[in-house]
1. Work out the length of the dipole vector of the chain about its Cα centre, built from +1 on the beta-carbon of each Lys and Arg and -1 on the beta-carbon of each Asp and Glu, and round it to the nearest 20 debye.
2. What's the percent breakdown of Cα-Cα distances in the chain across 10 Å bins, shortest bin first?
3. For the chain, what is the relative contact order in percent, using Cα pairs closer than 8 Å and at least 6 residues apart in sequence?
4. All other residues with a Cβ under 12 Å from the Cβ of G106 taken together, and with Lys, Arg as +1 and Asp, Glu as -1, what is their net charge?
5. Compute for region 21-66: radius of gyration divided by Kirkwood radius, i.e. Rg/Rh, restricted to C-alpha atoms, rounded to two decimals.
6. Rounded to the nearest 0.05, what FRET efficiency is calculated for N99 and L11 with R0 set to 30 Å and r the Cβ-Cβ distance?
7. Under 17 Å from a point 7 Å along the Cα-to-Cβ line of V2: which residues of region 75-113 have their amide N that close?
8. Under the rule of at least 5 residues apart or a separate chain, name every residue whose amide H is placed under 5 Å from the amide H of R66.
Amino acid sequence: QVQLVESGGGLVQPGGSLRLSCAASGSISSTNVMAWYRQAPGRQRGLVALITPGGSTTYADSVKGRFTISRDNAKNTLYLQMNRLKPEDTAVYYCNVYNRPSWGQGTQVTVSS
């Protein structure tokens, strides 16, 4: 039973940066693959990035080189550092255990000039 709460979203201009945080009410097991997802208006929710227990990361091609996923198990927190943001990054961002079937509220990221 893990509850996840996303935060850190907001409005930012193109080229700007944001760091999203995902706080877990329970411990984030080192055996869990953690992931960030996003859903833009009129689009399906898609995988943005994931991080394995061993620290290996995978990114969607659209964010590769700009976003960095990380985890701090001691703080029960997952992060997504987003740099050089583009308007097409605008979406609601969700954190989750990879392949977990339930979702939280997410945090809105809007990239606009």
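The values are calculated or read from the model by the stated rules, or taken from the named source; none is laboratory data. Predicted model, so just to flag it, every value in this text is computed and none were measured. Quick reminder, even Gly has a Cβ in these numbers, built from the backbone with ideal geometry, and neighbours come from all protein chains shown. Surface areas here come from the heavy atoms of the whole protein model, side chains and all, with no ligands, DNA or RNA. Shrake-Rupley method; radii C 1.70, N 1.55, O 1.52, S 1.80 Å.
1. Details: 11 positive and 5 negative charges, 18 e Å.
It comes to approximately 80 debye.
2. 15, 52, 29, 4, 0
3. Taking the mean separation of contacting Cα pairs over the length of the chain, I get 36 percent.
4. Values: positive: R38, R45; negative: E6.
Once all neighbours under 12 Å are counted, the net charge is +1.
5. We get a ratio of 1.02 for region 21-66.
6. On the way: r = 31 Å, r/R0 = 1.03.
The computed FRET efficiency comes out at 0.45.
7. Output list for this probe position: 75-80, 94-106.
8. Residues meeting the criterion, in which the H sits 1.01 Å from N, do not exist here.
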